[in-house]
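Accompanying notes for the structure given below.
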Amino acid sequence: MKLKHIALAALIITAITAVSCISTGPVEIPDGLTATELIQRGQEASDRNRYNVSLQYYEAVTERFPYDIESVIAAEYEIAFIHYKQKNYEQSKTEFYSLLERYNTPDQELLPAKFKILSNIVLGKIAEIEAARKKRDK
């Protein structure tokens, strides 16, 4: 009997968590947060699978700090990666390719190399997933 109650409680908690992750609306993002603080809050939300909240923080970085190129690139990478985690591969690919275009400029040596490397790694994983899907569908 006790085991049934524990299992029921676990099921209820899982359902509540799933609903809260899906039904998240607009977040009130305080003014005055730095780009670093916005990115940190975005990461914390992503770590809790609150992707809609996370996306809002990353988008705030790109809107509030358009000239902080390192922060913008970090935010753009994270946005593309969230779409990858959500299995929205087409959107993710578009975003990763757009990010990689930033590295095709004379100022590319000023950009953080890690996001170029990570973007290419994830694009490789997407290609593998798509190839496996095509092979399976034949």
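The values are calculated or read from the model by the stated rules, or taken from the named source; none is laboratory data. Source: prediction; values computed, not measured. Positions of Cβ are backbone-derived with ideal geometry, glycine not excepted, and every protein chain shown enters the neighbour counts.
The residue of segment 81-107 that is farthest from Tyr67 (Cα to Cα), among those that are at pLDDT 95 or above and of a type in the set (Asp, Glu), is Glu90. The condition of being within 25 Å of Val27 (Cα to Cα), assigned to a helix (DSSP H, G or I) and among the acidic types (Asp, Glu) does not hold for Glu128. Of Glu70, Glu63, Glu59, Glu76, which residue is touching a helix residue (DSSP H, G or I) at 6+ places or on another chain (Cβ under 6 Å), assigned to a helix (DSSP H, G or I) and acidic (Asp, Glu)? None of the other options fit; the residue is Glu76. Scan segment 45-56 for residues that are assigned to a helix (DSSP H, G or I) and either of a type outside the set (Asp, Glu) or closer than 26 Å to Tyr103 by Cα (or both) and report the count. The number of residues fulfilling the criteria is 8.
For segment 16-26, the condition holds for no residue, the condition being that it is of a type in the set (A, V, I, L, M, F, W, C), in contact with a helix residue (DSSP H, G or I) (Cβ under 8 Å, 6 or more places away or on another chain) and at pLDDT 85 or above.
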